[in-house]
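Have a look at the structure below before the remarks.
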Amino acid sequence: MFIFLDKIFFDQEQNFTVLTKIKDHQPWTVLYISIFYFTSISIGALFFLGIQNVSKSGWSVIIHPIMEEISSFIPYGGGMILIILLLNTMDIVHIFHWMDADLYNPISLKYDEIIANKRIFLNIPFFLIRSIIYVLGCSFFYLNIKNISCSLYISHSLNDYKKLYFRSIIFVIFFSIISIFMTWDWIMSLNPHWFSTLFSWYVLSSFIITGISTITIVSIYLHKNGYFPLFSESHLHDLSKYLFSGSLLWTYLWFSQFLLYWYGNIPEEITYFIKREEIYNSIHFWMLIPNFLIPFFGLISSKSKSNYKIVFSLSLILLIGHYIDIYNLIAPDIHEGIKFCVFEIIGSLLIIGGFFIYILFSNFNKRKLNSSEGNPFFQESKNYKYPHI
């Protein structure tokens, strides 16, 4: 009888401990996912802007202020990520498993040889230094590019345009390098036993798609409300082509990673897919629907690419699909994987998303949407007409 009662109390205590552990870390996890998601949108928009400046694309010049203001969340999102990382180092939050000092101690029962062998890269001081470089670097280039762009609006100077051009080149090179380490640190290090050589490119493609989707949604919204009259179906058509090609790039990288791992069938590699299949019922396959199939068939027609309602809806679907992708990348690798809780996800999205929208539109109130007039290609962009529309 006593043994039976002891077992009941032990089971209840164990269940309570597990539940407490989940409750302690799940809100932080979904909050971290939302912060990373909205920060990636801003970074993707800035990277897309840098590409437009470097390639001297004339069609997109009138949309540059939209891209710059969407990028304005970078310092805030980056700062919040740094706070969560600091809370991890202080043992208040336990998202990054490898930060446990016992994993590196050969005497400890928790000793992990694989993680210990990565100590040169996975150590807290170096990790924080790298993260600070990512945040400060992206924030610096955002502020610098925006300031030069504002100066160009006033001066109409060719020298200012050259500064914008060369600063964008430096940023594209800088981000092409740090994006590799950023995704390793902020996502892939959540599971130090697993690695992928395609992972950084895969996440970068998601950055670009979510950035362009947000640029498209904001542009359509402002245009429909009469604040952005220069935006036309021709500009929408070109943005739609980027959405279409971006979704194909993401799918290609998704398939390349999956195909190589499935064909190799190496346990330490396929555990990435097996874990997600067990926790979320093969969510890594289902998310192909919003991220590939719907955009593919929805944007394959040239007429669809210039339809405001269709492109707006598909951009929104892509944003939802890539949130699921980010969630799928992060959540399963924290402890034994957190359960999918709709209320916590919606709450974190409302908090961080609301802050993101507030920053975005408060900046629009302080700035004219025709502030790219000083750009030498402004008239080309203003009069841009896609031939088949």
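The values are calculated or read from the model by the stated rules, or taken from the named source; none is laboratory data. Bear in mind that the values here come from a model prediction, so they are computed numbers and not experimental data. Cβ placement follows ideal geometry from the backbone for every residue including glycine, while neighbour counts extend to all protein chains displayed.
For the reader, a short list of remarks on this structure follows.
- Among the residues listed as 343, 296, the single one being out of contact with any helix residue (DSSP H, G or I) (no Cβ under 9 Å at 6 or more places or on another chain) and either over 21 Å from residue 203 (Cβ atoms) or not charged (D, E, K, R) (or both): 343
- Residue within region 356-367 that is without any contact (Cβ under 8 Å) to a residue 12 or more places away in the chain, within 30 Å of residue 53 (Cα to Cα) and not in a helix (DSSP H, G or I) present: yes
- The residues of region 150-196 that are without any contact (Cβ under 8 Å) to a residue 12 or more places away in the chain and either among the aromatic types (Phe, Trp, Tyr) or not assigned by TED's automatic domain parsing to the domain that holds residue 134 (or both), listed by number, are 166, 195.
- When we screen 301, 313 for residues that are modelled with pLDDT under 95 and either in the same structural domain as residue 254 (by TED's automatic domain parsing) or out of contact with any strand residue (DSSP E or B) (no Cβ under 6 Å at 6 or more places or on another chain) (or both), the only hit is 301.
- One residue from 57, 34 being modelled with pLDDT of 70 or more, of a type outside the set (D, E, K, R) and either in contact with a Lys or Arg (Cβ under 8 Å, 6 or more places away or on another chain) or surrounded by fewer than 24 Cβ atoms within 10 Å (Cβ to Cβ) (or both): 57
- Some residue of region 120-132 being free of Cβ contacts under 8 Å to residues at least 40 places away in the same chain and over 26 Å from the mean Cα position of the chain (by Cα): yes
- Selection from region 88-111 of residues that are free of Cβ contacts under 8 Å to residues at least 24 places away in the same chain and either assigned to a helix (DSSP H, G or I) or surrounded by 15 or more Cβ atoms within 10 Å (Cβ to Cβ) (or both): 88, 100, 101, 102, 103, 104
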